[in-house]
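The structure under discussion appears below in the form of structure tokens.
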Amino acid sequence: MNLVLEPESKIAAPRMAPIQMNDIQTESKISVRDFDFFYGPLQVLHGISLEIPAQKVTALIGPSGCGKSTFIRSINRMNDIITDARASGTITIDGKDVYGGDTDVVELRRKVGMVFQKSNPFPKSIYDNVAYGLRIGGMRNKRQMDEIIERSLTRAALWHEVKDRLHASALALSGGQQQRLCIARALAVDPEILLMDEPASALDPIATSKIEELIYELKDNYTIVIVTHNMQQAARVSDRTAFFMLGKLIEYADTNAIFMNPREKMTEDYVTGRFG
Amino acid sequence: MRRSSDDRKFRLGTGAFAAVVLLIVVGIGFELTRQSMLSITKFGLKFWTTSTWDPVSGDFGALPFIWGTLYSAILALLLATPIALGIAIFISELSPRMLRQPLAYLTDLLAAIPSIVYGLWGVFVMVPFVRKLEVATPDALKQFPLFKGPPLGVGMLAAALILAVMVIPFSSSVAREILKNVPSTQREAAYALGATRWEAIKVAIGFGKSGIIGAVMLGFGRALGETIAVTMVIGNSPQVTASLFKPQYTMAAVIANEFTEAADELYLHALIEIGLLLFIITVGVNMISRLLIWSMKRRVVAPIVVPVIEEATA
Amino acid sequence: MTANLRRRKLFSRLFEILCGLAVVIALIPLAMILFYVIKEGAGALNWDFFTRMPKPVGETGGGMANAIVGTLILIGIAALFAVPIGGICGVHLAEYPSTKFSSVVRFAADVLNGVPSIVVGIFAYGLVVLPVKRFSAIAGGVALGFLMIPIVVRTTEELLRLVPGGLREGALALGATRGRAVFGVIVPAALPGILTGILVALARVAGETAPLLFTALNNRFWSTSLTQPIASLTVQVYTYAQSPYDDWHRQAWAGAFLLVMIILTLSIAARLAVRRLERMNRP
């Protein structure tokens, strides 16, 4: 398929339905149709449409500024906090419109957890960090909390390292540990979806590989969408990959296909490192 | 070689002026002590614990003034702090962007009004109002020590109210700065976990806790040292009482009123000794407050977490 | 929506409203004070106020001419005293920002900022009044100067730090001594802002009363002598306010109005100037 590069270097997005090579049986956990996003007058996302399958890892890749972070934040409506931000189109989770009138944002964010690029633990104890979501949700039963906290820290592969010092400050942990703590914190409120915005970009290679292992283990129980600028990471960790460029979705396919056999030239140029 | 001797001259020259500032502060403490020696040596610690203030017989005890100062300042703090924090939160977290500057400017305007103008307004507007309040107090309440006393209008209540208004802008503007310096990632983390707006604000406050306490203490220091507005509405009667209605006296007020009347040296020294205590207390409170604020700012600018370049908002 | 969620959202709304209420509560006294000052004071301002002297006790009429001039003289002395000391101190702190000495001085300036003005008055009394056994305008000016110093130090340091470092390097590279480079190039570059800061500091000390009570005292008569007690707007208003005479009360309001007007004008001018400077300094 030929791409026409317009004079101002605007990329013409392929006007076709997102490619789904196999897994027709896999339900879409998250369904996106013609999603646009604006910061004031500036449009940063153009007509994004894709289906994100349940209990798989979907990676979003693309050069800086291509809109992948904005997109992922639209899923749990973190962009609502920004003034002058506007969205149109639909994002549905399990069939329910995220931007619909009867969707409660607070409830949505419990169901869709998020981990950030820079780990941001609260200046409290490890225990209190993980317990935060539970406490604001009204949980008072200490035994129940203890159980959930242990389970979350175990799932985040942090339990054994911290089980003897749950009441130590979270800030005393290393960068990689703090990020796993943030993952545990997000897991504690029992989300169905985990959004991860470049979760390992600020970590050293060892900590990074620990996070990647973790993601691999977590996908059995959670639907994971991960933004990453590290293509090798996307190739290692994800089942499906979406390539974004200048706010448009260029190609979306099984990870293998994207990296070995991309259909679009732009995709091929990006994954072979010709730019980006 | 020439370069470095120029440099040295410059450094020493400007440093001398800087040293003057240092000397002034040290000088104040020194001079105050020197000028209160007579009183210090005559009364010793008793000065702080006795209530007689008798210039005629030369017997001085500063307890009522200490009481008045602390009581009025603490009351002012109780009234002012929630409002100051509310303003800080509103301006930095809740208000639409356009309103921020004007609102901040308006609250800062409160700080620019001179003490004498507050006092004038206090005497002619607030005191009559407080008198009406006092008269209207139900007799049932008047039994309690807190409300015992003649409804004069002037008294602890009027002083506390006026001090509260004067203190609000100080605490508020510092608290606003603190909240601005809390990294937005903290609030984001809370929102992502399903927090309501207020819960996310609580997280920000928790992060800036020590700085906010510092802001409150700054207001406290301000209230301790305020002179003119207080002396115009507090009644200037030295007594130690919990009553809000009874006229009382503060350290700053007694100095202002009696300094030029002090006929003999001992009297003067007693007054200056009060000034010395005021100096020590306010400097202490200020130092603690600045320490808290400084330690908070340091946590943000050089966080232990993975560093990300954040815009320094000094 | 669960009951718990509903409650949390309600609470959130409630606290947001309370914060807005706090703003309103704080603005009420501001509005009231300005209202009364304008209402009582503007009406009482007349030509006499600016040109006449205070009348003897009990007689109506007269003005505050001596007090107005007195305040101007006092803040003039304060500036003369505080600007060189505070300014050059600020220069030192800006040029050597990270030395231990600078940290100590900076801390001392902050401490001085928090010292109650009446205590500073006592200090000036001991320094200037006691040795010559006489109250004087100089003593009052010095007391006000002490109060000004921390503000001048902080403003000067901040503004000098904003000047791009390339300026200093350029001057030094051309063979200037450190002193020449700083005072000849950098300070002039920051001068508009520094002057604004000085104006703000002047506005602040013009409103001070307590430190003047036993340094400059007050003076019923016309006096511009530096070695005699001198009248000032603030002390005059203070005296009049505590008197039982209605006419004096009226004049006290007029004096308060004048004070507020001066301070407001200076503060607005300073704000505008600062904003213009910020816009100039950001590329």
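Details
- Residue-level accessible surface for A:His46, protein heavy atoms, 1.4 Å, Å²: 60 Å²
- GNM top mover of A:Leu194, A:Leu60, A:Leu158 - chain A, alpha-carbon springs below 10 Å: A:Leu158
- Among A:258-267, A:241-250, sorting by the average number of other beta carbon atoms lying within 10 angstrom of each residue, highest first, gives A:241-250, A:258-267.
- By the Stokes-Einstein formula, at 0.890 mPa s and 25 °C, the protein assembly as shown with its Kirkwood radius over alpha-carbon pairs has D equal to 79 µm²/s.
- Listed residues B:Thr14, A:Asn76, A:Leu158: farthest to the positive end of the dipole of the protein assembly as shown (Cβ charges): B:Thr14
- Using C-alpha pairs under 8 Å with a sequence gap of at least 6, the mean separation divided by the residue count of segment A:160-235 gives a relative contact order of 33 percent.
- Check: the protein assembly as shown dipole with +1 on Lys, Arg Cβ and -1 on Asp, Glu Cβ, in debye: 600 debye
- Residue-averaged 222 nm ellipticity for chain C, from DSSP H runs of 4+ at -39500 (n - 2.57), nearest 500: -23500 deg cm²/dmol
- Largest first, the residues B:Trp48, B:Trp67, B:Trp294, B:Trp53 sort by 1.4 Å accessible area into B:Trp294, B:Trp67, B:Trp48, B:Trp53.
- For the peptide B:281-288, the mean number of other protein chain Cβ atoms found within 10 angstrom of a residue's Cβ is 3.
- The residues packed around B:Leu22, meaning those with a beta-carbon under 13 Å from its beta-carbon, carry a net charge of +1 if Lys and Arg are +1 and Asp and Glu are -1.
- When +1 charges are put on Lys and Arg Cβ atoms and -1 charges on Asp and Glu Cβ atoms, the dipole computed for segment C:186-283 relative to its Cα centre reaches about 500 debye.
- Per residue of C:35-47, other chain Cβ atoms within 10 Å of the residue Cβ number 1 on average.
- Using a probe of 1.4 Å, the accessible surface attributed to C:Leu217 totals some 50 Å² when neighbouring protein chains are kept in position.
- The value for segment A:185-276 of Rg(Cα) / (2.2 N^0.38 Å) is 1.14.
- Stokes-Einstein D for segment B:12-159, Kirkwood Rh over Cα pairs, 20 °C, 1.002 mPa s (µm²/s): 105 µm²/s
- In summary, the lysines within cross-link reach of C:Lys55, defined as a Cα separation below 27 angstrom excluding same-chain residues under 8 places away, comprise C:Lys39.
- Mean accessible surface per residue for the protein assembly as shown, computed with a 1.4 Å probe while every protein chain stays in place, in Å²: 44 Å²
- Among C:Ala173, C:Ala206, C:Ala42, residue whose mean-square fluctuation peaks in a GNM of chain C (springs only between Cα atoms under 10 Å): C:Ala173
- Span per principal axis, largest first, for the Cα atoms of segment B:178-307 (Å): 68, 33, 20
- Exposure rank, largest accessible area first [C:Glu169, B:Glu188; 1.4 Å]: C:Glu169, B:Glu188
- Minimum 20 Å² accessible area buried by the other protein chains, segment B:115-143 residues, probe 1.4 Å, relative to alone: B:Ile116, B:Val117, B:Leu120, B:Trp121, B:Phe124, B:Val125
- Cross-link partners for A:Lys96 among the lysines, with Cα-Cα distance under 29 Å and sequence neighbours closer than 8 places in the same chain left out: A:Lys29, A:Lys56, A:Lys68, A:Lys111, A:Lys219, A:Lys248, C:Lys9.
- Rounded to 5, percent antiparallel among DSSP beta bridges of segment A:138-273: 55 percent
- One Cα centroid belongs to segment B:216-236, the other to segment A:203-258; the line between them spans 62 Å.
- Helix-derived mean residue ellipticity, 222 nm - over chain A, DSSP H n ≥ 4, -39500 (n - 2.57), to 500: -9500 deg cm²/dmol
- Between the listed residues C:Val260, C:His92, C:Asn219, the Cα displaced farthest toward the positive end of the dipole of chain C, a dipole computed from Cβ unit charges relative to the Cα centre, is found at C:His92.
- Overall form of segment C:1-109 per C-alpha gyration tensor (a/c, 1.5; a/b vs b/c): oblate
- GNM top mover of C:Gly126, C:Gly145, C:Gly193 - chain C, alpha-carbon springs below 10 Å: C:Gly126
- Estimated buried accessible area (total), pair C and B, 1.4 Å, Å² to nearest 100: 6800 Å²
- Cα-based shape type of segment A:99-150, given that a ≥ b ≥ c are square roots of the gyration tensor eigenvalues and the cut on a/c is 1.5: oblate
- Separation of alpha-carbon centers, segment C:249-274 and segment B:59-83, rounded to whole Å: 30 Å
- Occluded residues from segment B:16-32, i.e. those whose accessible area drops by 50 Å² or more once the chain is not alone (1.4 Å probe): B:Phe17, B:Ala18, B:Val21, B:Leu22, B:Ile24, B:Val25, B:Ile28, B:Glu31
- For chain B, the residue among B:Gln101, B:Gly275, B:Met251 whose Cα projects farthest onto the positive side of the dipole built from Cβ charges is B:Gln101.
- With an a/c value of 1.5 or above and a/b not larger than b/c for the gyration tensor axes a ≥ b ≥ c computed over the alpha-carbon atoms, chain B is described as oblate.
- Accessible surface of chain B, 1.4 Å probe, proportion on carbon and sulfur as whole %: 69 percent
- Relative contact order [Cα under 8 Å, 6+ residues apart], chain C, whole percent: 26 percent
- DSSP-loop chymotrypsin sites (Phe, Trp or Tyr not before Pro) across segment C:205-249, with at most 16 other Cβ within 10 angstrom: C:Phe221, C:Trp222, C:Tyr245
- Relative contact order of chain B, defined on C-alpha pairs under 8 angstrom at six or more residues apart (%): 27 percent
- Counting only the Cα atoms, segment C:177-219 fills a convex hull of 108 Å³ per residue.
- For chain A, the Cβ-based charge dipole about the Cα centre amounts to some 580 debye (Lys, Arg positive; Asp, Glu negative; other atoms uncharged).
- Calculated mean residue ellipticity at 222 nm for chain B: -23000 deg cm²/dmol, from DSSP H runs with n ≥ 4 weighted as -39500 (n - 2.57), summed, divided by the residue count and rounded to 500.
- Apolar share of the accessible surface for chain C: 67 percent from carbon plus sulfur atoms, 1.4 Å probe.
The values are calculated or read from the model by the stated rules, or taken from the named source; none is laboratory data. Keep in mind that this is a model prediction, so the values were computed, not measured. When we count neighbours, we look across all protein chains shown, and the Cβ atoms used for this are built from the backbone with ideal geometry, even at glycine. Just so you know, the surface numbers come from the protein's heavy atoms only, side chains and all, with ligands and any DNA or RNA stripped out. Shrake-Rupley method; radii C 1.70, N 1.55, O 1.52, S 1.80 Å.
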